[in-house]
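Student: The structure's right below; bear with me while I get my questions together.
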Amino acid sequence: MRADVEAAAVAAGRGSGEESRARRRLSRADRRAQILRVAEQVFSQRGYQGTALEDIAASVGVTRPLIYNYFADKDELYLECLHAARGELEAAIVAAAGAHEHPRDMLRAGMVAYFTFVAERGKRWDMLFGGGIAVAGTVAERAEQMRFETVEKIAALIRAAAPDHPAQAAVAYAHAMSGAGEQLAKWWRRNPHIPLGDIVQYHFDMVWTGLQQVAEG
């Protein structure tokens, strides 16, 4: 009788373990999303150069070979993280600016969206523009290309607000605006006590002084 009880307990324990493993088993899509989410956190903390696939695998709780089932290498994983973060930022800016018709309102709304992203998604912004940026090789080239693609979207907003203005000038303005916003955001990350509204106003005052002539010209 006692042997039967012990056998039943062992069987129950084995079943419980199998159920636990089943709960941890994720679909391919969910596992990929988990790896990306964790990788972004690790890259944000350690930077591209300071992160190894082993670090990401350990943080996810899987082995390094499993990572290769989803991504060819660290470069591909990093670029996927950049693409997702930049896509979120671009969508926020375009949606906010696109909700207005007057160039002044479009500009301010886009800036509010940008700096709100910096405030609420600081680590993600750091990965895009801070110390996490790749510094050499094809990854750096692709990261820079993504940044230029974001600027092109800003230029498209400028062209929409001032359709008669030269397209090349709109791209130049967009680069200047983007660079100024990036540097201001870096300073703000070091001085987070400054209110969001003040940061937006600083950027707006500087940029609108020039763009107002373009929009009204």
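Just so it is clear, none of the values below were taken in a lab; they were calculated from the coordinates. What you see is a predicted model, and the numbers here were worked out from it, not measured in a lab. Cβ: placed from backbone, ideal geometry, glycine included. Neighbour counts: every protein chain shown.
Student: Rg to Rh for the range 51-195: what is it, with Cα atoms only and Rh by Kirkwood? All intermediate terms of the calculation are to be shown ahead of the outcome.
Tutor: Numbers: Rg = 17.4 Å, Rh = 16.8 Å.
When Rh is taken as the Kirkwood radius, the ratio is 1.04.
Student: When a footprinting reagent is the concern and you count Cβ atoms within 10 Å, what order do 208, 187 take, fewest first?
Tutor: Arranged by neighbour count, lowest to highest, 208, 187 become 187, 208.
Student: For residue 73, what charge total do you get from the other residues with a beta carbon under 12 Å from its beta carbon, if Lys and Arg give +1 and Asp and Glu give -1? Write down the numbers at each step before the final one.
Tutor: Numbers: positive: 64, 74; negative: 75, 76, 80.
Result for the local shell: -1.
Student: Fewest to most neighbouring Cβ within 10 Å: what's the order for 107, 157?
Tutor: By the 10 Å Cβ count, ascending, the order reads 157, 107.
Student: Here's a follow-up. Counting other beta carbons within 10 Å of each residue's own, what order do 202, 78, 48 fall into, fewest first?
Tutor: Working: 202 17, 78 24, 48 21.
So the ranking, lowest neighbour count to highest, is 202, 48, 78.
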